[in-house]
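Throughout, read-outs are computed from the coordinates displayed, never taken from laboratory work. Remember, predicted model here, so these are calculated numbers, not experimental data. Cβ placement follows ideal geometry from the backbone for every residue including glycine, while neighbour counts extend to all protein chains displayed.
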Amino acid sequence: MASRARNPSAWAGNHEFLITRVESSGRGGSRGTSMLSRLLQSTRKHWKNYAVGFVTLLALVWFLSKSSYRREQGSRKALFIKSEAASCPVSYPKLSIKEISKGSLPYLYGGKPPGCKNCKSNDLVGKFCQYGMTGHGQCDKGQIYYLVQQFLDREFYEILQFTPCDLWPLLKGRTLYFSGDSQTQDFMKAAQCAMYEFTDLGWWELDATGANPGPRQEGFVWHTDPGCILLPEDTRICFIRCDTADCVQKQVVERLSKASEKRDLLVLNFGLHFSKTYKEELEQLVQQVLQLRREGNFPFLLWKDTAPQHFESTFGEYPQDKPKPPMKCVAVGKQFEPDPGEDKWILKKDHSIEVLYKDFEDIAAGGWRNKLTNEVMSQAGIPVVSTWNDTLPLWEFHRDNGHGLECTHFCHPSAPQLWVYRLYETLAQLRREKQIETF
Ligand SMILES: *[C@@H]1O[C@H](CO)[C@@H](O)[C@H](O)[C@H]1NC(C)=O
């Protein structure tokens, strides 16, 4: 649009080109009005042919749109995003539920698009992000297919059909900062892997000013120093490790108030590292961020809720007697009174939790940690990426931390990739509500 306005002569030239074409098509050399009247005459003579042609064209358009709609197998949303997906730097054809049922892996769970580049790299990140490794905190292949089957059974098709090109328009031109504890680091890793075909597979250190990423490191976010991955069109995904609100204030707020833009995004969670003053510190942090955003350039803040743990205790938390790995991970509540062995809750197809036993009502509210933080966030108007409900059934997807199985962290790909999908949904919703800038 802008270039057209700036250069009217080129546009007029284009117009002339059209007229010349009509003139040279052999219907006579006359210009303007006489050409129009010839056209009208011929229309009157041949109107039946035109009508037949028009109806055929309509039928063809209808047929094409129907078949592309069917291919999407999804909601209207998918159609709406389509034109944006066309501008995606990597091509990810949508998988159908039929293909997934027959064994094609969803992109979030290790599926590769045809013609992918980084998937052929021997780089550790390239290998890790395809989720076929043994060790490295990865799920085994059987676990991955088992999880896909769980999603199929619950008709959670959106996560199975998600493509990185759905997320791309929401990230393009922004920096997405993650900050938090080791769970948030897993979240960042899952986001990095979702977008790994867009990157140079490198990890760029973030200096104290937060402005200049570099130098480039091989490897991964298991460098815990602050750093970023770089995507096309001035897009970055960064991680700054912080286990407390105090750390976020010193490490993140300082940096970002110097180097970030209003369109950038900051996703926080340090929910497992609790203290007596947790609530007050969190409230203070949130108010500080809102203030900075009102005054100048500071990212849009999102809170991610805290995922459930699956230790052998009533609500799955790390037991008082501090056992050491290897540990047994269990379905929350199931082995406890009353009726040991019976499920105490179910996750329904609409992603809500139904509690079956009265004493387990806290589970429907996200556990005590999320009850507290959700309240802080809703009072401050901060959106929450809600992952608790869908993570609750994933007790079979914890990982060996090198000393044996523990029941806090999850193997890749399982829960952290679900969180990426939830982040996508939250951002899409925020954009529909015009709470985050659109481009
Ligand atoms: C989680 O489950 C609770 C209880 O049924 C429900 O109120 C809440 O909306 C659910 N959260 C999501 C994100 O679906």
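Just going by the charge dipole of region 124-432, with Lys and Arg at +1 and Asp and Glu at -1 on Cβ, which of Pro232, Gln379, Cys411 is farthest out on the positive end?
Pro232
How much length would be gained if the chain were fully extended between Ala208 and Ser101, taking 0.36 nm per residue of separation minus their Cα-Cα distance, in nm to one decimal?
Working: separation 107, 0.36 × 107 = 38.52 nm, distance 4.77 nm.
Result: 33.7 nm gained on full extension.
Straight-line reach from Lys334: which aspartates and glutamates fall under 19 Å, measuring Cα to Cα and dropping same-chain residues less than 8 apart?
Excluding near neighbours in sequence, the set is Glu312, Glu317, Glu342, Asp343, Glu354, Asp359, Glu361, Asp362, Asp390, Glu396, Glu406.
Roughly how many nanometres apart are two label points built 7 Å out from the Cα toward the Cβ at Leu152 and Lys328?
3.1
With unit charges on the beta carbons (Lys and Arg positive, Asp and Glu negative) and the dipole taken about the Cα centre of region 124-432, which residue among Phe162, Leu292, Gly180 sits farthest to the positive side?
Result: Leu292, furthest along the dipole toward the positive end.
How much length, in nm to one decimal, is gained on full extension between Lys358 and Asn401, taken as 0.36 nm per residue of separation minus their Cα-Cα distance?
Numbers: separation 43, 0.36 × 43 = 15.48 nm, distance 3.46 nm.
Using 0.36 nm per residue and subtracting the Cα-Cα distance, I get 12.0 nm.
Starting with the fewest neighbours, write out His136, His412, His403 ranked by other beta-carbon atoms found within 10 Å of each beta-carbon. Intermediate results must be reported in sequence, preceding the final value.
Values: His136 14, His412 25, His403 9.
By the 10 Å Cβ count, ascending: His403, His136, His412.
What is the dipole size for region 124-432, taken about its Cα centre, with +1 at each Lys and Arg Cβ and -1 at each Asp and Glu Cβ, in debye to the nearest 20? It would help to have the intermediate numbers written out before the result.
Working: 33 positive and 43 negative charges, 142 e Å.
It comes to approximately 680 debye.
Go through Lys279/Lys328; Lys344/Lys371; Lys250/Lys371; Lys172/Lys279; Lys112/Lys141 and tell me which ones have a Cα-Cα distance over 23 Å in this structure. Walk me through the numbers before you get to the answer.
Details: Lys279/Lys328 31 Å; Lys344/Lys371 19 Å; Lys250/Lys371 26 Å; Lys172/Lys279 34 Å; Lys112/Lys141 15 Å.
Check vs 23 Å cut-off fails for Lys279/Lys328; Lys250/Lys371; Lys172/Lys279.
For Ile346 and Glu281, calculate 0.36 nm times their separation in residues minus their Cα-Cα distance, and state this gained length in nm to one decimal. Walk me through the numbers before you get to the answer.
Working: separation 65, 0.36 × 65 = 23.40 nm, distance 3.39 nm.
Separation in residues times 0.36 nm, less the Cα-Cα distance, equals 20.0 nm.
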